[in-house]
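Written out below as structure tokens is the structure these notes cover.
The values are calculated or read from the model by the stated rules, or taken from the named source; none is laboratory data. All values derive from a computational prediction rather than experimental measurement. Here Cβ is always computed from backbone atoms with ideal geometry, including for glycine, and neighbour counts include all displayed protein chains.
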Amino acid sequence: MNPILLEAVLVCYAFLLLLVEAFNSRMPRRYFGWAAVVGTTVVFFMTFFVDSSKMNPEAGYYGFYAADTLAILFKRFILLVSVCVLIMAIEFAPVLVRYLPVEKPDAGSGEMYSLVLFACAGMMWMASAQNFVMIFVSVELVTITFYVMVAMMRGNRASLEAGIKFLILGAIATSLNVYGIAWIFGTLGTTELPEIGAILQSIDSSLFPSLLFGFGLIFAGISFKVAAFPFQFWVPDVYQGAPTPVTAFLSVGSKASAFVVLMRVLESMLSNSELSSKILFMLSLVAGVTILMGNLSAIPQTNFKRLLAYSSIAHAGYLLMGAASIVSGNSGPAIAYYLMAYLISNMLAFGVLLVVGKSTGSDELVHFNGLGKKSPWLATALTLAVLSLAGLPFTVGFFGKFFIFSSALQAQQFILVGIGILGIGCGFYYYLKVIRAMFWLPASKEQSISSPIEISKPYAVMLILLSISLIIFGVYPEPIFNLIP
């Protein structure tokens, strides 16, 4: 099977769902959500039937599209993330419709599922992009889709504020990205990443300032997507105001696809040893500041969504630590494994946050007080998630951090490793606050969950599978690591 069919089938299916949803007002909107889950799952299984003869990067469409093993791996990753987000969106739909200014209660929520598919297709194209033009177009497809999804709760001021902030800052990041691409093209005369790598091997050093300036602008655009310093200021407000499934999608899917782009850009830009030393210093500096900023800012948070937002910034810093250690030769697999671990842990955390927020009407940490007595299995799942995010042994997050730190030590990034250890110490403090609230702090009458927490069976199955995966891969990481090229 031709690999380009993966995105083609997904986009056509998303358009079909959007058209049927628009002209069929009688069918319950959750049916479209389950149809999107089925379609995304089918595309996921299609990835196992891609023709290996068409997976050569040089056999791409005019140098735009690569279907190598790294691209296929991250396509599967993004499709799994999208399935989890769609299931979360179905569970979140009753909350979403409260803030939609429509006459019929069920109307206005169906397009959320099609938008998830469009964003998923854009991320899959990002994973295969090996040309700056392709990178820009796929990034914009994802970004514009997220503009709509973040402001989906039009009757909620926080959601509208989040959408406006995301739009304005996203437009600035896009402008920087385009200017950087134009600068690289003006300097080297090409936008193809493999060709850029070949040219840089014998380029004159007088062009280094232009190349560094262009890469800096492109890196600024990517930093916005991964929530790295100094382009992380949108994260807390957008994460808090956006619908919870969209927040989970932003924190995992968008970050993963952006890091694939960064790794491909670095692969070409680091082909010149003299230029690579300057680029890696830039990455190391940004990684260190991002780790400190994210972890220290998460400590005083009392809103769980904002805590996870600053945590997401910190995790971007750890991933950038791996990118800055790319010369070690093991940072690519380490980054891929870290993203897999982050998928399981973060999706589980947001999954529990969604049902608790749905029951209490708030994301504040005080509403998690006494959750251990109210719903022991939900509290246990969230405990596993935050311990994995903190990097506790026997969780999948531990091996994620272990591989990242190992690659940094091999690259002799000792200062970064020291900063990372400090960040892990801070992380244990604010993650354990969540466990303390659930098991040690009593809930007042105003803060307690007044009604039983109701969860659909498919949603409960998703949380159970995530919890089991977190433990299994925390003890036996080889199955995931063996999938990474």
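At pLDDT below 75, in the same structural domain as Val81 (by TED's automatic domain parsing) and either surrounded by 15 or more Cβ atoms within 10 Å (Cβ to Cβ) or not in a helix (DSSP H, G or I) (or both), is that true of Gly63? Yes; evaluated as a whole, the condition is true for this residue. Across region 71-100, which residue is modelled with the lowest pLDDT among those that are under 14 Å from Val355 (Cα atoms) and small (Gly, Ala, Ser)? That would be Ala93. Residues considered: Thr190, Thr244. Of these, the only one that is without any contact (Cβ under 8 Å) to a residue 24 or more places away in the chain and either closer than 30 Å to Val355 by Cβ or out of contact with any Asp or Glu (no Cβ under 7 Å at 6 or more places or on another chain) (or both) is Thr190. With respect to the conditions (1) out of contact with any Pro (no Cβ under 7 Å at 6 or more places or on another chain); (2) within 22 Å of Met263 (Cα to Cα), Gln130 lacks only one, and its number is (1). For region 136-150, check the following and say yes or no: at least one residue is assigned to a helix (DSSP H, G or I) and touching a strand residue (DSSP E or B) at 6+ places or on another chain (Cβ under 8 Å). There is at least one residue in region 136-150 that is assigned to a helix (DSSP H, G or I) and touching a strand residue (DSSP E or B) at 6+ places or on another chain (Cβ under 8 Å).
Here Phe249 fulfils each of the conditions (1) modelled with pLDDT under 85; (2) more than 19 Å from Ile484 (Cα to Cα) apart from (1).
Those helices (runs of 4 or more DSSP H) of region 151-247 in which at least 2 residues are surrounded by fewer than 17 Cβ atoms within 10 Å (Cβ to Cβ), considering only elements entirely within it, cover 157-188, 193-200, 208-226.
Listed by first and then second residue, the pairs with beta-carbon distance under 8 Å, at least 6 apart or on different chains, first residue in region 421-432 and β-branched (Val, Ile, Thr), second not in a helix (DSSP H, G or I), are Ile424/Gly391. Among the residues of region 335-377, those that are part of a helix (DSSP H, G or I) and free of Cβ contacts under 8 Å to residues at least 24 places away in the same chain comprise Lys373, Pro376, Trp377.
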